[in-house]
Amino acid sequence: MKRALVLAGGGVRGAFEVGAIEYLVVKEGIDFDMFFGTSVGALNAAVLGMAKNYRELVAQTSQLKQLWLSIKGNDSIYSRNWGKFLRLIFNDALYNPNGLRRIIKEQIDPDRLCNNPNKFTKVTAVAIETGELFFADSRNRSIKEQFLDFILASASIPVFFPPVQINGQHWYDGGLRDTTPLAAAIKEHPDEILVILTFPVDEKLHPLIETVSYRGVFASLLRTIQIMSNEISANDLQVARLINQHYRCIPGKQKIPIHLIAPPKSLKGNILDFEPAAIRANIESGYQAAQNPQLIGHLETTRISAK
């Protein structure tokens, strides 16, 4: 069985994915053959995608969890800047993701990732000049030297982080167009897909948006991006469910079981607040949520077979 794992974006809430993955891989013995990720999901997917077999996937899952537990706060991911407006005017962004860049370089080996005969990884990025949504594919040897840059680009939220320059273009967060790259997974014709979201949805797959207090223009901008990304992701899930429900009417389509793991309520922390307490809470929440995934199309609780 070919099984795909699709990981959504969500900043610190990507720790939820780690807890869910730990339960699926270590507790239930589930293996994956292909990994798809956007933003923080791209980082998580790439760490897992270096595994050549199930035994290595267990080891990579442990490495991914330790990576998250080693984060001591925002300074582990990006440098703070007190002259926000001047930095935005002269340097394209409010923050410098120097910590994230270091983590990507230390934790991900492009040779292992791009020379993997058994598994592959795709991460998303958007070129601001053309609006192109690009899927960096680990099977494409021509971009091996740039793959780490595409992972960083996939997590570069406009205004907050600078674009990543690759081949003369400026690349930003893939979540601008595809927060949860489910369609890319479907095109690879897996036998089963598992999607992990970082936001709650209702039974109709509509995003549940928590109420927050107004905290100024930059916090509002970040929340706006988050709301838009969640809506894009939810729309993709609704389309996938519709296709599965009516696949017999669509030439060339077949029904693919798509399992969904989502938090029951909004996760801890602002997406750019990498506090250790929020990380640990989100990991635990993901571990618990993975025990009761839903099957898109029927919306009934189901167990995922390890076979």
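The values are calculated or read from the model by the stated rules, or taken from the named source; none is laboratory data. Fair warning: this is a prediction, and the values are worked out from it, not measured in the lab. Neighbour counts run over all protein chains shown; Cβ positions are idealised from the backbone, glycine included. Quick note on the areas: whole protein, heavy atoms, side chains included, nothing else; ligands and nucleic acids left out. Shrake-Rupley method; radii C 1.70, N 1.55, O 1.52, S 1.80 Å.
Things to note:
- Scanning region 252-269 for residues that are exposed (fewer than 13 other Cβ atoms within 10 Å of the Cβ) and modelled with pLDDT of 90 or more gives Pro264, Lys265.
- Selection from region 269-293 of residues that are in a helix (DSSP H, G or I) and of a type in the set (Phe, Trp, Tyr): Tyr287
- Within region 140-186, the set of residues being under 18 Å from the mean Cα position of the chain (by Cα) and without any contact (Cβ under 8 Å) to a residue 24 or more places away in the chain comprises just one member, Asp149.
- Residue list for region 110-124, restricted to those being farther than 17 Å from Ser39 by Cα, surrounded by 14 or more Cβ atoms within 10 Å (Cβ to Cβ) and charged (D, E, K, R): Arg112, Lys119
- Each residue in region 125-151 was checked for being open to solvent by less than 20 Å² (accessible area, probe 1.4 Å), in contact with a helix residue (DSSP H, G or I) (Cβ under 6 Å, 6 or more places away or on another chain) and not in a loop (DSSP other than H, G, I, E, B), and 5 pass.
- Test result for Leu194, modelled with pLDDT of 75 or more, farther than 21 Å from Leu148 by Cα and in contact with a strand residue (DSSP E or B) (Cβ under 8 Å, 6 or more places away or on another chain): yes
- Selection over region 45-56 of residues that are in contact (Cβ under 8 Å) with a residue 24 or more places away in the chain, open to solvent by 30 Å² or more (accessible area, probe 1.4 Å) and either polar (S, T, N, Q) or in a helix (DSSP H, G or I) (or both) gives a count of 2.
- Every residue from region 169-191 that is touching a strand residue (DSSP E or B) at 6+ places or on another chain (Cβ under 9 Å) and hydrophobic (A, V, I, L, M, F, W, C): Trp171, Leu176, Leu182, Ala184, Ala185, Ile186
- Residue match in region 57-78 (condition: out of contact with any Cys (no Cβ under 7 Å at 6 or more places or on another chain) and either assigned to a strand (DSSP E or B) or closer than 25 Å to Arg177 by Cα (or both)): yes
- Sub-8 Å Cβ pairs linking a first residue in region 59-81 that is surrounded by fewer than 19 Cβ atoms within 10 Å (Cβ to Cβ) to a second residue that is in a strand (DSSP E or B), at least 6 apart or interchain, are Ser79/Asn96; Asn81/Asn96, ordered by first then second residue.
- Among strands (runs of 3 or more DSSP E) entirely within region 162-238, having at least 2 residues that are of a type outside the set (S, T, N, Q) and more than 25 Å from Ser79 (Cα to Cα) singles out 192-196.
- Long-range neighbours under 7 Å by Cβ, at least six apart or interchain, first residue surrounded by fewer than 24 Cβ atoms within 10 Å (Cβ to Cβ) within region 15-44, second at pLDDT 95 or above and among the polar types (S, T, N, Q): Glu22/Thr61; Val26/Thr61
- In region 112-124, of all residues being assigned to a strand (DSSP E or B) and of a type outside the set (D, E, K, R), the one that is farthest from the chain's Cα centre (by Cα) corresponds to Phe120.
- Every residue from region 108-135 that is over 20 Å from Asp173 (Cα atoms) and polar (S, T, N, Q): Asn115, Asn116, Asn118
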